[in-house]
Structure formats: C-alpha cells, structure tokens
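The values are calculated or read from the model by the stated rules, or taken from the named source; none is laboratory data. Keep in mind it's a predicted model, so treat the numbers as computed, not measured. FYI the Cβ positions are ideal-geometry reconstructions off the backbone, even for glycines, and counts take in every protein chain you see.
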Amino acid sequence: MLCPVCRSGSIKVLDSRESRDGGAIRRRRACMDCNHRFTTYERIETTPPIVLKRGGGKQAFDRNKIRAGLQRVCHKRPVDDEQIEALIGAVELWAATRGEREIRAEEIADRVTRLLRPLDLVAYVRYLASHGVYHNVDEFVHLLGQMEKAAHTSPEGQRTLFEIDARGQIQLSAPSRLFVEAEDEADPGDRSSAAAVPDSEVS
C-alpha cells in the first residue's frame with residue numbers, strides 16, 4: 001500500500017481492531033517518510049447489484065457517493081467516521097444479499113434513512129431534506145415537529161433545522177426556509193408530488 005500523500009511504500013500499522021459492527025477490520029497507518037497518518041478498512045468483498053437511476057440509466061453501486069452524502073448531513077453532529085463506515089457497510093451487504101441483480105436508487109436512499117435515524121435525529125432530518133425521501137413539504141414540516149418533541153435541545157452553538165418561537169410554535173430556521181421556498185418555486189401549483197431522489201448521491 002502506498003501513502004496517499006507522498007506515494008511512499010514505507011507504511012507502518014499503528015493500530016488494528018474490529019469495527020463496531022464486526023463487518024470490517026479498521027487499521028490506523030502511518031507513512032514512515034512524510035509522517036502522514038490515515039485509516040484503512042479491510043472488509044469481505046461483496047458484489048452489490050447494479051443501481052437503477054431515476055432517469056432510467058444504470059450504474060455500479062458506489063459506496064463513496066453514499067459516504068459523501070452522509071458526511072455532509074452528519075457535519076458537526078456526534079456521528080464519527082467509523083459509524084458512517086459501518087452504516088455504509090450495512091447498506092452494501094443488504095444490497096448484495098437481496099438476491100437481485102438490480103436495485104432502485106430510491107430503495108438505497110430509504111435503507112440509509114432507516115439506519116441513520118437511530119444514530120442522530122438531526123442528521124436524519126437533513127438527509128430527508130437533501131435526498132427527498134418524503135412525499136411533500138407538508139409531510140416534511142410535520143416530521144420537523146415530531147423531531148422537535150423528541151429532541152428539545154441541540155449541542156451548544158449548533159444551528160438546528162427548526163426553532164420554537166415565543167408562542168411555542170415551530171418555525172423553520174433559515175436553511176429549512178430556503179429548502180421550502182426552493183421547492184415552492186420549482187412547482188408552485190402542486191406540492192403533493194413525490195420529490196426526486198438525487199441519483200448522484202445514493203448510488
């Protein structure tokens with residue numbers, strides 16, 4: 001294995017342990033030339049099915065795209081890289097053991113949400129908003145209310161997707177208002193149609 005920074009082959013393993021879900025071996029490595037440290041995962045090789053994109057195209061299952069989407073919604077949330085890797089591994093194993101040669105991108109997004117919700121409610125809501133895994137804006141706003149009841153506080157200094165005003169009413173924070181306004185502008189005459197799932201981030 002080569003160092004991702006200087007491409008040297010002088011690599012030392014500093015730590016090796018099983019991942020939390022037991023599906024991989026996590027190794028912490030260091031380059032002996034430039035001292036760069038990085039993490040690698042050793043896991044069972046699987047053959048996930050081909051992903052059917054919403055537009056009708058097909059592409060290979062790409063765990064890196066799922067990782068990018070999860071890292072974005074988990075930004076500044078108490079979800080570490082190992083938890084994200086475990087979630088991706090679970091999704092990949094689920095897809096590979098379904099016994100089907102093809103899988104819809106929407107099914108992958110739905111599976112990710114099922115596994116993300118127990119980890120962090122805020123990240124879960126962010127994923128729903130960014131990936132359109134709900135039916136319409138009204139349903140999304142209703143979900144925000146449910147999340148507020150389940151978690152009244154957030155980490156100090158952390159911006160939330162929704163706030164409670166002086167009358168106890170739920171108010172969308174700036175990021176959520178921008179999302180709702182964007183959907184209204186895209187389709188002002190029909191807020192009941194299903195939202196599209198971005199193929200580029202779930203496959």
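Worth pointing out:
- Consider the stretch 80-93 and keep the residues that are within 24 Å of residue 58 (Cα to Cα) and surrounded by fewer than 17 Cβ atoms within 10 Å (Cβ to Cβ). The one that is farthest from the chain's Cα centre (by Cα) is 93.
- Extreme residue, modelled with the lowest pLDDT, among residues of the stretch 1-51 that are in a loop (DSSP other than H, G, I, E, B) and of a type in the set (Ser, Thr, Tyr): 46
- Any hit, the stretch 17-38, residues being in contact with a helix residue (DSSP H, G or I) (Cβ under 8 Å, 6 or more places away or on another chain), of a type in the set (Asp, Glu) and within 30 Å of residue 102 (Cβ to Cβ): yes
- When we screen 122, 91, 79 for residues that are under 23 Å from residue 141 (Cα atoms) and of a type in the set (A, V, I, L, M, F, W, C), the only hit is 122.
- Residues satisfying the stated conditions in the stretch 105-120, i.e. crowded, with 18+ Cβ neighbours inside 10 Å, over 12 Å from the mean Cα position of the chain (by Cα) and not acidic (Asp, Glu): 105
- Residues that are surrounded by fewer than 16 Cβ atoms within 10 Å (Cβ to Cβ) and of a type in the set (Lys, Arg) within the stretch 68-79 comprise 72, 76, listed in sequence order.
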